[in-house]
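Written out below as structure tokens is the structure these notes cover.
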Amino acid sequence: MDSDLSPQDKKDLDKFIKFFALKTVQVIVQARLGEKINTCSSSSPTGSDWFNLAIKDIPEVTHEAKKALAGQLPGIGRSMCVEISLKTSEGDSMELETWCLEMNEKCDKDIKVSYTVYNRLSLLLKSLLAITRVTPAYKLSRKQGHDYVILYRIYFGDVQLTGLGEGFQTVRVGIVGTPIGTITLSCAYRTNLALMSSRQFERTGPIMGIIIDHYVERPFTNMAHMHPCSYRSPGEDEGGTYAGIEDSQEVCTTSFSTSPPSQMVVPGKEGGVPQVPAQPTHGTAAEHGRIPSCPTGQSPQLAPPTSCSSEVKTVSPSDALETTFTRKVGAFVNKATTQVTTTSLDLPFAAFAPRAYDLQENDPMVHPPPSPAPSSPLQGSLHSNTSSHSGGQPQDDFVMVDFKPAFSKDDLLPMDLGTFYKEFQNPPQLASLSIDVSVQSMAEDLDSLPEKLAIYEKNIDEFDAFVDTLQ
Amino acid sequence: MNCRSEVLEVSVEGRQVDEAMLALLHTILLHRSTGKFHYKKEGTYSIGTVGTQDVDCDFIDFTLVRVSSDELDRVIRKAVAEFKDALGNSGSDGMGQISLEFYQKKKSRWPFSDECIPWEVWSIKVNVVNLANEQERQICREKVGEKLGEKVINIVEVINRHEYLPKMPTQSEVYNVFDTSLKDVQPYLYKITYQITDSLGTSVSTTMRRLIKDTLAL
């Protein structure tokens, strides 16, 4: 095969393939930066524009591509892949597409390397420019910013498409025959973007499983290789851009990262973040055939701009039990989470529990008084809002969950507002309301009125003196 | 050698006609344009650099990629505007076809004028629909965006078959293959024509041939 190719042609072809691979990566990553790309045509050739196309070289991207290639070239059985994924501010990530530059064994011996192959590679890059604006990830990448970012990862070796979900589509960008094989460029993209909303609730094994399974041979080590598709200066704190969740999800209201530190997360409606280990587990390098130049356990040492995944976020264990809930801290706070279990709390109604049980007969919730109206609207509303709680009197086998609303202060009162309401839902009956109505009737009331009036008239001087003191 | 002919069909709303046509025509021209040739001694030449520009459509959820050449853009926009006007004037039906034809010139002896031999023709059939309310328009935005995406994939597929392309010409022949009138890029010789279908859907009743770009003197 190679013997048919002159040394010069072989050298040229290798150079073309190398620079084609680098330019392919540039085009793909730049198309996912979230901005429109504009480059100028130039009638005078500068000699540095490969394939006669003005494609800028982002140094970081070139560096990553060269690192992934590690001196090798895409060839038969050695594909170069650029994986584009989305990562939300909550830490969820989802693969969107994988671009594959592959080579198969079908050779075109007669083709002219320096002319035809070169021009066809140029044409293929133009096709790539067009196709990168057409796949669904383009629109997503144009809207990235506060709620999610787009990451890229370059790897070399076997193509991995399992992370794209079911029903992913493939589009072939094009092929170029060469004397040593046929170069093909294609894109496999996810079609099922709806996964994002269901994942938000399922903080259980399967979600973790998906992430782990995808990286089964190279778990979180390669999360460290994910790079943001955004051109930011190094050292900028990426975490600062995350402010909330994308609108498409029906998220538990307590799960936003901007929630105040004291907000509790309701168990069972977990909106927290799946656990991301700060220290990734060791694994083999993704890139087969690659010299393992990356040390294991590397993620904490990586420079901040290049590893989104190594941010320390809030952790809520995926196996949240009903009686365990996690205090959610604001995103990117390095405090350890405190797990509060109900066993460590005093039963808030411990003092009241037996009393409430005993007083059920007199409980106005259970047995509303026959005639008296609530003496104040507040009490009325307490009745209506907390009537549901009357059925939930603490029993021995029933665990009360103490809700601590945000911004509640417990320094003024010995208890917070919620507890206040609950405690005072059973106020003692007012003396005037507990009059035995059957004893007095309206007529008797009226009869006693003249007597009362006479007494008041007699004491009128006292009343006047009292009023004077008030003035 | 037979002329390669490809047909693309789109259904769009009235105000989307311009952008849909521009999107497809520019995508084709992106692949059929090179940098300016600079011939050197001994028959060698160097090629200038082609830049690209992303353009967001206003009425369609789509971003088109075109060659960075304002001159070329102006020419294409003018042709599309004329097509749209013709569509609008034709009546309520709104069906038409715009064709982008790449050709080579072949010199003939006097008194015959040069021949134009097409080697690739792209026909874009347009069906203009009328929509009743804003909600339908919004859906149409997205749908047409997706359709255009599919058409781009079709175009790319055809082009990457690497079928016939004119040979790279010598300096004296370059004008027979390429349009050298632009400052910054050099598309293959092309012309844009359009036809409006009448309301009966039969063959053309009003044929207007506008040779937007043709160096042939008739």
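Key figures for this structure:
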quantity	calculated
Unit charges on C-beta of K, R, D, E only; dipole of chain B, Debye	1020
Positive-end residue of B:T34, B:N133, B:V144, charge dipole of segment B:4-207 with Cβ unit charges	B:T34
Rel. contact order, % - alpha carbon contacts under 8 angstrom, at least six apart, segment A:7-189	30
Packing-based order for B:39-45, B:181-187, using average beta carbon neighbours within 10 Å, highest first	B:181-187, B:39-45
Between helix B:70-90 and chain B: long-axis angle, C-alpha atoms, 0 to 90°, nearest 10	40
For segment B:4-207: rounded, prolate or oblate by the Cα gyration tensor [a/c cutoff 1.5]	prolate
Global geometry of segment A:77-202, whether rounded, prolate or oblate, following the gyration tensor of its Cα atoms and the 1.5 cut on a/c	prolate
Folded to 0 to 90 degrees: helix B:134-159 orientation relative to chain B principal axis, Cα	30
Rounded to 5, percent antiparallel among DSSP beta bridges of chain B	75
Burial ranking of peptide ranges A:80-91, B:66-77 (average Cβ count within 10 Å, highest at the top)	A:80-91, B:66-77
Relative contact order (%) - segment B:4-207, alpha-carbon pairs under 8 angstrom, separation at least six	31
Amide H contacts of A:E97 (H built 1.01 Å from N, under 5 Å, at least 5 apart or other chain)	A:I84, A:R190
Most positive-pole-ward Cα, A:I183, A:G145, A:Q169, against dipole of segment A:7-189 from beta carbon charges	A:I183
In degrees, nearest ten, helix B:17-31 long axis to first principal axis of chain B (Cα)	30
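Read the figures in this text as sums done on the coordinates, not as results from a lab. The structure presented is a predicted model; accordingly, all values stated were derived computationally and were not measured. Cβ atoms come from the backbone with ideal geometry, glycine included; neighbour counts cover every protein chain shown.
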